[in-house]
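The values are calculated or read from the model by the stated rules, or taken from the named source; none is laboratory data. Small disclaimer: the values here were computed from a predicted structure and weren't measured. Note: ideal-geometry Cβ built from the backbone for every residue, glycine included; neighbour counts use all protein chains shown.
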Amino acid sequence: MWPRYRPEASCLALVMAAALAACRQDMHDQNKLEPLEATPFFTDGRGSREPVEGTVARGLLKADRHLWEGRYGDDGGGPPGELVDTFPMPVTRDVVVRGRERFDIYCSPCHSKTGEGDGMVVRRGFQRPPTFHRDELRQAKVGYLFEVISKGLGVMPSYAAQIPVADRWAIVAYVRALQLSQTARIDDVPEPARAELNAKRPPPGSGGRP
């Protein structure tokens, strides 16, 4: 037996075919300017236009010089343009831990994980950087350390493209922790933690490190 003819099904098929045909009306080549495409609309014939003078992309104003440059701005805190000696954010444990992680990735190949400057690439012939533990760098302002990471110095390139600004500050915080670790005294340790440290010290004469 032949299947029953259904006119509504035929109408639906026609409508779908017409819709598909309409979708093919040059939708693959839409009426819009593509990057670097020429156009007679502008007198110079270029479809790509320069941003309006003074335009700043969202989030890239960089008005906070303390954060972005490591230098004082016009909003107080210090002489404008001078290197800062304070961090633009609270230095918490999480910040230092983040700094250690980024330091181990980007800095330790040259500076080593202790900051002595005898990293793996140095052992293979690359120019040795100065140790972080010399007085000159211990006394350097944090803005100076941040600026060197951002702009580079000598054979060290800029890491501004690889390391976001917050992570650069985190690395500076960790460098300060490394420097403190080499000169710290028991008096620098908060009182509640001293007993714990003393409990971990090996007894005299045991051969362990005093």
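Quick notes on this structure:
- One residue from GLY81, GLY76 being modelled with pLDDT of 90 or more, on the phi > 0 side of the Ramachandran plot and either assigned to a loop (DSSP other than H, G, I, E, B) or touching a Leu at 6+ places or on another chain (Cβ under 8 Å) (or both): GLY81
- Residues that are of a type in the set (A, V, I, L, M) and farther than 30 Å from VAL172 by Cα within the stretch 31-72 comprise LEU33, LEU36, ALA38, VAL52, listed in sequence order.
- Residue in the stretch 29-64 that is nearest to ASP75 (Cα to Cα), counting only those that are among the polar types (S, T, N, Q) and surrounded by 10 or more Cβ atoms within 10 Å (Cβ to Cβ): SER48
- Complete set of residues in the stretch 143-167 that are without any contact (Cβ under 8 Å) to a residue 24 or more places away in the chain, loosely packed, with under 14 Cβ neighbours inside 10 Å and hydrophobic (A, V, I, L, M, F, W, C): LEU153, ALA161
- If only residues of the stretch 162-205 that are closer than 30 Å to LEU61 by Cα and assigned to a loop (DSSP other than H, G, I, E, B) are counted, the one that is nearest to the chain's Cα centre (by Cα) is PRO164.
- Matching residues in the stretch 107-142 - criterion: being in a loop (DSSP other than H, G, I, E, B), in contact (Cβ under 8 Å) with a residue 12 or more places away in the chain, under 23 Å from the mean Cα position of the chain (by Cα) and closer than 30 Å to GLU82 by Cβ: CYS107, GLY115, GLY117, PRO129, PHE132, LYS141
- Any hit, the stretch 152-160, residues being assigned to a helix (DSSP H, G or I) and not β-branched (Val, Ile, Thr): no
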